[in-house]
Amino acid sequence: MNIQLHERLLLTGAAGKLGQALREPLKANCRTLRLSDRVDVGPAREQEEIMLADLADADAVLAMMQGVNAVVHLGGVPVEGPFGPILQANIVGVYNLYEAARRCGTRRVVFASSNHVTGYYKQSETITADHPPRPDGMYGVSKAFGEDLSRFYFDRYGIETACVRIGSSFPEPVDRRMLASWLSYGDLYRLVTACLSTPMLGHTIVFGMSDNPVTWWDNARARHLGYRPQDSSEPFREALYARTPTPDPQDPAAVYQGGGFVRMGPFDGKA
Ligand code: 15L
């Protein structure tokens, strides 16, 4: 695939696990990579510039967006937890991001959504991006909001977005569920590159997964991205089965696609 070179690409959440994994490779996709996070990302390296911002601070987000052509938006709360921080970073924050994009003329966003938007589908089901959301917690609800918000900004203002419902992006699968949900770092980069490079992105929802033979997600609707995963969870199966117990089939974490997330919370002290 020909990589479309963006003049200035913004990576939010650059201090996080996936931000760190994408920091070096994304430089092949742009002339300047602007890194942002709420917390320190270290000194700027070659081809980089740094602009820290709290996503809940609209003025800081607007400043962060100046001169940016495309965004890889990984910033925000990445797991289930108390609603307050999720509200600020994932709901107010994503609104601030799209408002800034609209005002700055930014044309394309790769939005890190999550499989937890559809975590209450069963592991016995295969779903497509056309299935209605069934979030498994406040984190999943916040990502569903981001997906809807980005659709509005596409319909009204033409800002293109790929909502990547990331499965489990780790160096390797660490439990049996991840045999279905795993996304290798290499495939994460390939998928983000496809979203940044495809000529007509539109508004697209795609499941972020490697070429896992057993999975619950059907990506046929996102063929126009040209994403071809090159990794598979299969080589890890035997060792994972050997070192992990057989799950209780009644356990909600084994029934639902969201796994352990369906058992989390409430977090605000009102059980
Ligand atoms: C996510 O959305 C989280 O960000 C990540 O930490 C994993 O827990 C992943 O989902 C998962 O479902 O495995």
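The values are calculated or read from the model by the stated rules, or taken from the named source; none is laboratory data. The model shown is predicted, which means the values in this text are computed figures rather than measured ones. Every residue, glycine as well, gets a Cβ built from its backbone with ideal geometry; the counts of neighbours run over all protein chains shown. Just so you know, the surface numbers come from the protein's heavy atoms only, side chains and all, with ligands and any DNA or RNA stripped out. Shrake-Rupley method; radii C 1.70, N 1.55, O 1.52, S 1.80 Å.
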So how many residues does the stretch 27-53 have that are surrounded by fewer than 18 Cβ atoms within 10 Å (Cβ to Cβ), assigned to a loop (DSSP other than H, G, I, E, B) and out of contact with any strand residue (DSSP E or B) (no Cβ under 7 Å at 6 or more places or on another chain)? 7
Determine, yes or no, whether residue 137 is of a type in the set (Gly, Ala, Ser), more than 11 Å from the ligand (Cβ to nearest atom) and open to solvent by less than 30 Å² (accessible area, probe 1.4 Å). no
Could you tell me which residue of the stretch 140-156 is surrounded by the fewest Cβ atoms within 10 Å (Cβ to Cβ), considering only residues that are over 14 Å from residue 74 (Cα atoms) and within 13 Å of the ligand (Cβ to nearest atom)? 141
Residue 128 fails exactly one of (1) of a type in the set (Ser, Thr, Tyr); (2) open to solvent by 10 Å² or more (accessible area, probe 1.4 Å); (3) within 12 Å of the ligand (Cβ to nearest atom), namely (3)
Could you check residue 59 against (1) open to solvent by less than 60 Å² (accessible area, probe 1.4 Å); (2) of a type outside the set (S, T, N, Q); (3) in a helix (DSSP H, G or I) and say which number it fails? (1)
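This table checks each residue for (1) more than 23 Å from residue 28 (Cα to Cα); (2) in a loop (DSSP other than H, G, I, E, B); (3) at pLDDT below 95.
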{"residue": "180", "(1), (2), (3)": "yes, no, no"}
{"residue": "187", "(1), (2), (3)": "no, no, no"}
{"residue": "192", "(1), (2), (3)": "no, no, no"}
{"residue": "196", "(1), (2), (3)": "no, no, no"}
{"residue": "205", "(1), (2), (3)": "yes, no, no"}
{"residue": "211", "(1), (2), (3)": "yes, yes, no"}
{"residue": "214", "(1), (2), (3)": "yes, yes, no"}
{"residue": "221", "(1), (2), (3)": "yes, no, yes"}
Residue satisfying all of: in the stretch 181-193; surrounded by fewer than 22 Cβ atoms within 10 Å (Cβ to Cβ) and in contact (Cβ under 8 Å) with a residue 60 or more places away in the chain; nearest to residue 153 (Cα to Cα) among these: 189
Considering only residues that are under 19 Å from the mean Cα position of the chain (by Cα), surrounded by fewer than 18 Cβ atoms within 10 Å (Cβ to Cβ) and either at pLDDT below 95 or away from the ligand (no atom under 16 Å from the Cβ) (or both), which ones fall in the stretch 1-26? 24, 25
Here is a check on your reading of the model: is residue 122 within 16 Å of the ligand (Cβ to nearest atom), surrounded by fewer than 23 Cβ atoms within 10 Å (Cβ to Cβ) and among the basic types (Lys, Arg)? yes
Starting from the stretch 241-261, take each residue that is open to solvent by 50 Å² or more (accessible area, probe 1.4 Å) and list its partners that are in a loop (DSSP other than H, G, I, E, B) and within 16 Å of the ligand (Cβ to nearest atom), counting only C-beta distances under 8 angstrom and pairs at least six apart or across chains. 241/176; 247/176; 256/119; 256/120; 256/121; 256/123; 256/136
Could you tell me whether any residue of the stretch 157-179 is under 30 Å from residue 235 (Cβ atoms), surrounded by fewer than 17 Cβ atoms within 10 Å (Cβ to Cβ) and more than 16 Å from the ligand (Cβ to nearest atom)? no
Out of all the residues in the stretch 91-105, is one or more open to solvent by less than 10 Å² (accessible area, probe 1.4 Å), in contact with a His (Cβ under 8 Å, 6 or more places away or on another chain) and within 16 Å of the ligand (Cβ to nearest atom)? yes
Does residue 236 satisfy being surrounded by 14 or more Cβ atoms within 10 Å (Cβ to Cβ), within 14 Å of the ligand (Cβ to nearest atom) and assigned to a helix (DSSP H, G or I)? no
